[in-house]
Protein chains: 2
Amino acid sequence: MNQAQQKKMIGIDLGGTSIKFGLISPEGKILRKVKRKTPSTKNFEEILKLIVGEVEKILRDNRLTKEEIHGVGIGFPGVANGNGDVVFANNLYWENKPLQKSLEKELSLRVKVGNDASLAGFGEFHFGAMKNTRNALLLTLGTGLGAGVIINGKVFHGSHYLGTEIGHMIVGENFYNCNCGNNGCLETFASATALVKYATYLLDAGETSSLKKTLEKQQKPVTPQQIIDAARRHDEVAEKALKRFIHYLAIGLSNLINIFDPEVIALGGGLSESGDVFLEELRRLTKTHTYVKEQNPTKIVIAELKNDAGILGSAMFLLED
Amino acid sequence: MNQAQQKKMIGIDLGGTSIKFGLISPEGKILRKVKRKTPSTKNFEEILKLIVGEVEKILRDNRLTKEEIHGVGIGFPGVANGNGDVVFANNLYWENKPLQKSLEKELSLRVKVGNDASLAGFGEFHFGAMKNTRNALLLTLGTGLGAGVIINGKVFHGSHYLGTEIGHMIVGENFYNCNCGNNGCLETFASATALVKYATYLLDAGETSSLKKTLEKQQKPVTPQQIIDAARRHDEVAEKALKRFIHYLAIGLSNLINIFDPEVIALGGGLSESGDVFLEELRRLTKTHTYVKEQNPTKIVIAELKNDAGILGSAMFLLED
């Protein structure tokens, strides 16, 4: 360990609904955790001010000088360039925002900016389900399907920081288009949104289901959790929706295994918490699709760090050269 | 350059129909080229003997001692493990053959073994269409769809040498199954075989085409070249087959751009020589599918080194640590 690696770090996970802050020890221990609501305006300057204030407060509260801190790592939902500028971040309505430079100026600390799913993957790589690997992937199954790709022990971005958009890998034809304008993106089959859309599609088509009553009662779309719960009770529509989700996620995973041949693919995000209803079948189906079947050694597991993956990975990103 | 890098190298491209040998200068100049037919038996010992004899002959003919040679790099169509053993090579009917060890023993030279498409990609990376990049892909459009992936200036294999099987990325549903047992693999849509299969499918369905006469005359399936030529003459069946090929290849390319964000994707293999009939439309369609559209900077080009990519890449593979 060099001197920089012996200093504490601050990791930030900037999302559309909350901003999580962590004071992280060089060994990856979370010494302090703070969660703040993301301002509803999503205004860049307002969020900047909130982050600066919170970082200063964490330092004060922990009696740390800036010299005792290695820097601030920050993950956000979008695309950054090599200078740490936000190229775009749809959920925040940001375009071309100098996130790294602005924070460095305001904080007088080293700042490093990256994609949130990539950095959550880096967290799992250092301290979670992807530990002791060289090549591994984290897929986050949430509203969309995000991905963090580790190649040769480093966060992989591609040549222009536009890579690892695995949710937009086209794997078939779907009855609705993706937000990105294409048809057949993996995240339109294998995400919480996809699960809800397909269950709703079946309900609209008049299929019998206990979810019909739920829908009428709450007067808003069924939730992913309600579908999972109904599938546990062997509700037919819910089981069909879950089966389709697993079918396409298995295609996605086998494509990724055929391409990356990683040691581990970890599944995170909200849906991963219901892994018990789909993991076994997902593993079985994925195996049937991979090119090299018998020998295929990629492990498919549930991610371990949950909401801490982002702050841990963002902090560790500071140590990557 | 260290001492090893100043020595000449031998690069071998071992295929199912021919074995190509090259004596390569440290600067990547092909000083001598030899092509031999692959023995029809595909017998491992017989091919080993042929390779050893030819390497010894090249050294003799060029008055080179073994000390003056850095080693022998060899690419073959299949999967090797980290020790240079052939795990399997379908076209050669090989399984678990100690290719590297056997050659090292017989030749008393350093030997390095890799996948043929990967090493052809490494050739294009050093001396061809992928020069001056850090991340780039070669796709070979032949009987199947092979790929060589360069990440961070190195040949990417995955963790267990099972990666970069891009021909088996599932992208849709097809009317026939892939050799690998799956349905919807990219190479069943975007390869010479795919082109012939779909044109034949349309002809069998009774569609009018000048290819019908060709088919009757030659009493064997139409060739990819005949389909391309017919498409140039605006034959409807040939145009439909070509259009479908381009449609799915564009999906494959945009998936790869979304995943790898490379500087260049180079297209090689037999079909790439007819790039003039599909490249422009392929680029246009690929752009519509990529997640980041306007800014997307990946160049799609025709590979440059043709049949020399393999021997050059195999030789340069010796210099990779």
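Go through B:298-308, B:22-32, B:61-71 and give me the packing order, highest mean Cβ count within 10 Å leading.
Top to bottom by mean Cβ count within 10 Å: B:298-308, B:22-32, B:61-71.
Divide, for chain A, the radius of gyration over alpha carbons by 2.2 N^0.38 Å, where N is the residue count.
Chain A yields a ratio of 1.04.
What does the structure give for A:260-267 when I average, per residue, the other chain Cβ atoms found within 10 Å of the residue Cβ?
Mean inter-chain Cβ contacts per residue within 10 Å come to 4.
Can you list the aspartates and glutamates whose alpha carbon sits under 14 Å from that of residue A:105, skipping same-chain ones fewer than 8 residues off?
A:45, A:56, A:85
Per q in 0.13, 0.20, 0.26, 0.27 Å⁻¹, report the Debye log10 I(q)/I(0) for region A:122-188, using one uniform scatterer on each alpha carbon and no solvent.
Values returned for q = 0.13, 0.20, 0.26, 0.27 Å⁻¹ are -0.43, -0.82, -1.07, -1.11.
In nm, to one decimal, how far is the residue A:240 label point from the residue A:216 one, both placed 7 Å along Cα→Cβ?
Each label point is offset 7 Å from its Cα along the Cβ direction, giving 1.9 nm.
Express in whole angstrom the spacing between the alpha-carbon centres of region B:1-66 and region A:169-219.
Region B:1-66 and region A:169-219 have Cα centres spaced 57 Å from each other.
Given axes a ≥ b ≥ c from the Cα gyration tensor, I'd like to know whether region A:208-305 is rounded (a/c under 1.5), prolate (a/b larger than b/c) or oblate.
prolate
Rounded to the nearest 20 Debye, what is the dipole magnitude of the protein assembly as shown about its Cα centre when Lys and Arg each give +1 and Asp and Glu each give -1 at the C-beta?
Charge dipole, the protein assembly as shown, about its Cα centre: 600 debye, nearest 20.
Compute the Kirkwood hydrodynamic radius of region A:141-220, taking the inverse of the mean of 1/r over all pairs of distinct Cα atoms, and give it in Å to one decimal.
Kirkwood hydrodynamic radius for region A:141-220: 14.6 Å.
Could you name the aspartates and glutamates whose alpha carbon sits less than 17 Å from that of residue B:131, not counting residues in the same chain fewer than 8 places away?
B:27, B:261, B:263, B:304, B:308, B:320
Using only Cα atoms and rounding to the nearest 10 degrees, what angle (0 to 90) does helix A:279-289 make with the longest principal axis of chain A?
80 degrees
What ranking, highest mean first, results for peptides A:112-124, A:145-157, B:280-292 when packing means the other Cβ atoms within 10 Å averaged over each residue?
Ranked by mean Cβ neighbours within 10 Å, highest first: A:112-124, A:145-157, B:280-292.
Quick one: grab the alpha carbon gyration tensor of the protein assembly as shown, order the square roots of its eigenvalues as a ≥ b ≥ c, and give me rounded if a/c is under 1.5, else prolate or oblate depending on whether a/b is larger than b/c.
Oblate, since a/c reaches 1.5 and b/c is not below a/b.
What are the semi-axes of the equivalent ellipsoid for region B:270-311, taken as the square roots of 5 times the Cα gyration tensor eigenvalues, largest first, in whole Å?
25, 13, 6
Could you pull the Rg and Dmax for region A:129-304, using just the Cα atoms, both in Å?
Values for region A:129-304 (Cα only, Rg and Dmax): 16.5, 51 Å.
How many partner chain Cβ atoms sit within 10 Å of a residue's Cβ in peptide B:186-192, on average, as a whole number?
Per residue, the average neighbour count from other chains is 0.
Beyond a 30 Å Cα-Cα separation, which of these cross-linked pairs lie in this structure: A:287/B:243; A:197/B:287; A:29/A:154; B:37/B:66?
Pairs exceeding 30 Å: A:287/B:243.
Could you work out the mean count of beta carbons from other protein chains within 10 Å of each residue's beta carbon in A:147-158?
Average per residue, whole number: 3.
Can you tell me the dipole magnitude for chain B around its Cα centre, using point charges on the Cβ only (Lys, Arg +1; Asp, Glu -1), in Debye to the nearest 20?
The calculated dipole for chain B is roughly 680 debye.
Output needed for region A:4-116: three equivalent-ellipsoid semi-axes, defined as square roots of 5 times the C-alpha gyration tensor eigenvalues, in descending order, whole Å.
Three semi-axes, in Å: 22, 15, 13.
Just to be sure I follow: if Rg is taken over the C-alpha atoms of region B:175-226 and Rh is the Kirkwood radius over the same atoms, what is Rg/Rh?
1.01
Rounded to the nearest 500, what is chain A's calculated 222 nm mean residue ellipticity when only DSSP H runs of at least 4 contribute -39500 (n - 2.57) each, over all residues?
-11000 deg cm²/dmol
Mind checking which aspartates and glutamates have their Cα closer than 12 Å to the Cα of residue A:212? Skip sequence neighbours fewer than 8 apart in that chain.
By straight Cα distance, residue A:212 reaches A:204, A:235, A:236.
None of the figures in this text is laboratory data; all of them are computed from the coordinates on show. Here the structure is a predicted model, which is why all the values come from computation and not from measurement. Methodologically, a virtual Cβ is constructed for each residue, glycine included, from the backbone with ideal geometry; neighbour enumeration extends over all protein chains shown.
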